[in-house]
1. Considering only residues that are buried (at least 24 other Cβ atoms within 10 Å of the Cβ) and in a loop (DSSP other than H, G, I, E, B), look in segment 521-541 and name the one that is farthest from the ligand (Cβ to nearest atom).
2. Of the conditions (1) open to solvent by less than 40 Å² (accessible area, probe 1.4 Å); (2) part of a helix (DSSP H, G or I), Ala145 clears all except one; give me its number.
3. For segment 244-265, which residues satisfy the criterion of being farther than 27 Å from Pro183 by Cβ, touching a residue at least 40 places away in the same chain (Cβ under 8 Å) and open to solvent by 10 Å² or more (accessible area, probe 1.4 Å)?
4. Is one or more of the residues making up segment 155-175 modelled with pLDDT of 95 or more, of a type in the set (Val, Ile, Thr), more than 22 Å from Asp104 (Cα to Cα) and more than 25 Å from the chain's Cα centre (by Cα)?
5. What are the residue pairs meeting all of these: first residue in segment 446-464, first residue over 16 Å from Arg229 (Cβ atoms), second residue in a loop (DSSP other than H, G, I, E, B) and of a type in the set (A, V, I, L, M), Cβ atoms under 8 Å, and 6 or more apart or on different chains?
6. Which one is surrounded by the most Cβ atoms within 10 Å (Cβ to Cβ) among residues in segment 362-390 that are of a type in the set (Val, Ile, Thr) and under 11 Å from Asn280 (Cα atoms)?
7. In segment 195-214, what count of residues is obtained for those that are in contact with a helix residue (DSSP H, G or I) (Cβ under 6 Å, 6 or more places away or on another chain), open to solvent by less than 60 Å² (accessible area, probe 1.4 Å) and either under 30 Å from Ala135 (Cα atoms) or modelled with pLDDT under 95 (or both)?
8. Which condition breaks for Ala126 when tested against (1) surrounded by 19 or more Cβ atoms within 10 Å (Cβ to Cβ); (2) within 16 Å of the ligand (Cβ to nearest atom); (3) outside any helix (DSSP H, G or I)?
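The values are calculated or read from the model by the stated rules, or taken from the named source; none is laboratory data. Values in this document were obtained by computation on a predicted structure and should not be read as measured data. Note that we place each Cβ from the backbone using ideal geometry, even for glycine, and neighbour counts take in every protein chain shown. The accessibility values were calculated without ligands, DNA or RNA, using every heavy atom of the protein model including side chains. Shrake-Rupley method; radii C 1.70, N 1.55, O 1.52, S 1.80 Å.
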Amino acid sequence: MATKTIIDPITRIEGHLRIEIEVDDAGSVEEAYSSSTAFRGLETIMKGRDPRDVGLFVQRICGVCTFHHYERGVEATEHAYGVQIPPNARSVRNLIWAAQTVNDHTVHFYQLHSMDWWDVVSALSADPVKATEIAHQYHATPYNASVSHYQRVAERLTAFVQSGQLGPFTGGYWGHPAYKLSPEENLIIASHYLDCLGVQRASAKASAIFGGKNPHPQSLIVGGVTSARDAINAERIGQYQFLMQETMDFVERAYIPDLMLLADKYREEGLAGHGGGLSNYMSFGAMSLGEQAWDQRPFLLPSGLVRGRDLSTVHAVDPMKIGEEVAHAWYTYSGNETSLHPLEGQTNPAYEGFNDDGSLKTEGGYSWVKSPRYDGAPVEVGPLARMLVAYASGHERAIEVMDAFTDRMNLPFEFWYSTLGRTVARGVETQIVGGYIPELLGGLINNVKGGDERFFTRYTAKDGQGWAMAEAPRGSLSHWITVRNGQIDNYQAIVPTTWNSSPKDGRDQRGAYEASLVGQPLADPTQPLEVVRTVHSFDPCMACAVHVLNRDGEELAVYEVAV
Ligand code: NFE
C-alpha cells in the first residue's frame with residue numbers, strides 16, 4: 001500500500017510550496033501533488049489603476065525576478081498603446097535583463113540548489129591537498145582552488161558546525177545515501193557556495209547601474225527608459241562591463257566546473273532520466289532583440305515549442321492557445337468555463353481547505369496555483385526548455401555549449417531529460433547570456449556614437465488590449481492587460497512557476513513538478529532528498545505564482561488551515 005509523505009514547507013525557494021507524495025512498497029514515488037498554500041491577488045490589485053503604473057506595481061509580485069515582471073508589465077501597456085521603444089532603450093533593458101538573469105542563475109545554483117548535491121558535514125573531513133588536485137581536473141585554473149583557501153573554508157565550516165548553529169545548513173539530510181560526492185568534492189562546492197555569497201553582489205550592482213536600484217529597479221517607463229544619463233556615460237558602462245566580467249569569471253571557473261563534477265558523480269541519475277518529467281518544452285523567447293511584433297521578433301534564445309521530445313520539429317507558439325484551468329485549483333470560473341484565455345481570465349478565490357488528517361483534498365482543489373496549459377497540454381518551461389527549443393531550432397551557440405558539455409562529460413543527449421540535465425541547462429544558459437554582454441554593450445555604444453540619443457518614444461494613451469510574452473529566468477512569463485476608459489479593466493499574469501508547479505488539470509494531466517517526481521526511486525522515503533532535489537531544479541518561486549494583498553493593502557480573506 002502506498003505511504004503518504006508530506007513535505008511542507010519546501011525550503012530554499014521563494015514563497016510557500018507543499019509537496020505530497022505517495023510512495024509505493026518498492027520505495028518509488030507513485031503519485032505527486034504540488035500545492036501552493038498562499039493566495040495570489042495581484043491581478044485584483046491592478047484593476048482601476050493607470051496602465052502607465054503597471055510595471056512598478058507588478059514587479060512587487062516577486063523579490064527575485066522583479067525586473068522581468070516590471071518589463072512585462074511596461075511592455076503589455078506599450079502593446080496596448082501601440083508604442084515602440086527606441087533601440088537604445090531596448091539595449092538598456094537588455095543589459096538589466098542579462099545582469100539579473102546571470103545573478104538569478106548563479107544564486108539559485110549555489111544558495112538554493114547546490115546543497116541537494118553536496119553534503120556539508122562530509123566536507124569537514126576533506127583533505128585540502130586532494131581537493132586542490134580534484135578541482136584542477138575540471139578547469140585549468142579553477143576558482144579559488146588553493147590548499148590554503150580550502151583549509152580556511154574547512155575551518156570556517158567546522159566552526160559553524162561546532163557552534164551548533166548551522167544557519168543555512170540547518171535541517172539538511174546530511175549523510176543521506178543519495179549524496180555521492182567525496183569529502184574533497186563536497187569541499188570544492190562548499191567553497192564556491194561561500195564565494196558566491198560575495199560574487200553575486202557584482203551582478204546585482206551591475207543591474208542597478210541601469211535599473212536605478214536592486215532588487216526592484218525603477219528606470220523603465222512606458223515608451224523607454226529613464227537611465228539615459230548612465231547609458232551614455234563611459235564610466236558607468238565600464239563599471240557594468242567590469243562587474244559582469246568578474247561574475248562571468250566565476251561562472252567559467254567555478255559554476256561550470258562544479259556542474260561537470262556533478263555530471264561525473266551523478267551520472268547514473270542523469271542517465272536513468274530521474275526527474276525528467278514532462279516531454280513538452282516551451283519558450284516565449286529570451287531577451288528581445290528588436291521591436292517587431294512578438295511572432296516575428298528576434299530573441300537571443302528563440303521562442304518555440306518542442307512536443308514529445310521530438311527535436312526534429314519546433315512548433316510556433318500561438319498566444320491564443322494558452323488557457324488556464326482551475327479543476328484542481330482553489331478558484332472558480334463564472335459560467336461553465338473549464339479553461340480561460342488570460343485576456344478573459346478571472347481570479348475568483350474558492351478555498352476548499354484540507355482533509356481532517358491535514359492532507360490535501362486531491363479530489364478537488366488543492367493549490368492556489370492555476371493550471372496553465374498550451375493547447376490543452378502541460379508543458380515544462382525554464383532553462384532546460386529554452387535550451388532544448390534553441391538546440392532544436394539550430395541555434396549555434398546553444399548547440400555549441402550543450403554539445404561541449406556532453407562531449408566533455410561523455411554523456412548522451414538523453415541526459416538532458418533529467419533533474420541533472422535541468423540543473424546543467426541553467427549553467428550553460430548562463431554562459432550564453434553572459435557571453436552576449438559585449439555585443440549588447442557594443443550595440444548601445446555604436447548606436448549612440450552614430451548620433452542616436454533617443455531613449456524614449458512619445459505616445460498617446462488609448463484603450464485596448466495588450467500583452468507581453470518573453471522569458472524570465474524560471475521560464476515563460478506573460479502579462480495581459482485590458483484598458484478601458486483609460487484604466488485597467490483586467491490584468492492577468494501567467495508566471496513560469498505557475499506553468500511548472502501547476503496542479504492537475506480537468507483531464508488529470510500532471511504539471512511539470514508532479515510529472516518529474518512520479519517514478520523517482522527514494523533511497524530513504526523518510527528523508528526524500530531526491531524529491532527536494534528535483535523540485536529545486538525548477539527553481540520554484542511561489543511568491544510569483546501567488547500573492548496576498550488587495551489594492552488597499554487589506555487582507556482579502558483569512559483561512560484557517562488545520563494541520
Ligand atoms: Ni518570482 Fe519569476 C522568474 C517570473 S516566477 S521568480 O523567473 O516571472 O517563476
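1. For segment 521-541, the residue satisfying everything is Pro528.
2. (2)
3. Filtering segment 244-265 down to residues farther than 27 Å from Pro183 by Cβ leaves 244-248.
Filter once more, keeping what is touching a residue at least 40 places away in the same chain (Cβ under 8 Å): 244, 246-248.
Passing the criteria: Glu246, Met248.
4. No, every residue in segment 155-175 fails to be modelled with pLDDT of 95 or more, of a type in the set (Val, Ile, Thr), more than 22 Å from Asp104 (Cα to Cα) and more than 25 Å from the chain's Cα centre (by Cα).
5. From residues that are over 16 Å from Arg229 (Cβ atoms), the pairs are Thr457/Val83; Thr457/Ile85; Tyr459/Val83; Tyr459/Val222.
6. Our first condition is that a residue be of a type in the set (Val, Ile, Thr); within segment 362-390, this holds for 362, 369, 379, 381, 389.
Adding the requirement that they be under 11 Å from Asn280 (Cα atoms) leaves 379, 381, 389.
Details: Val379: 26, Val381: 31, Val389: 29.
Checked segment 362-390; the qualifying residue surrounded by the most Cβ atoms within 10 Å (Cβ to Cβ) is Val381.
7. Filtering segment 195-214 for residues in contact with a helix residue (DSSP H, G or I) (Cβ under 6 Å, 6 or more places away or on another chain) gives 196, 199-200, 202-207, 209-211, 214.
Of the ones still in play, those that are also open to solvent by less than 60 Å² (accessible area, probe 1.4 Å) are 196, 199-200, 202-204, 206-207, 209-211.
Imposing the further condition that a residue be either under 30 Å from Ala135 (Cα atoms) or modelled with pLDDT under 95 (or both) reduces the set to 196, 199-200, 202-204, 206.
Selection size over segment 195-214: 7.
8. (2)
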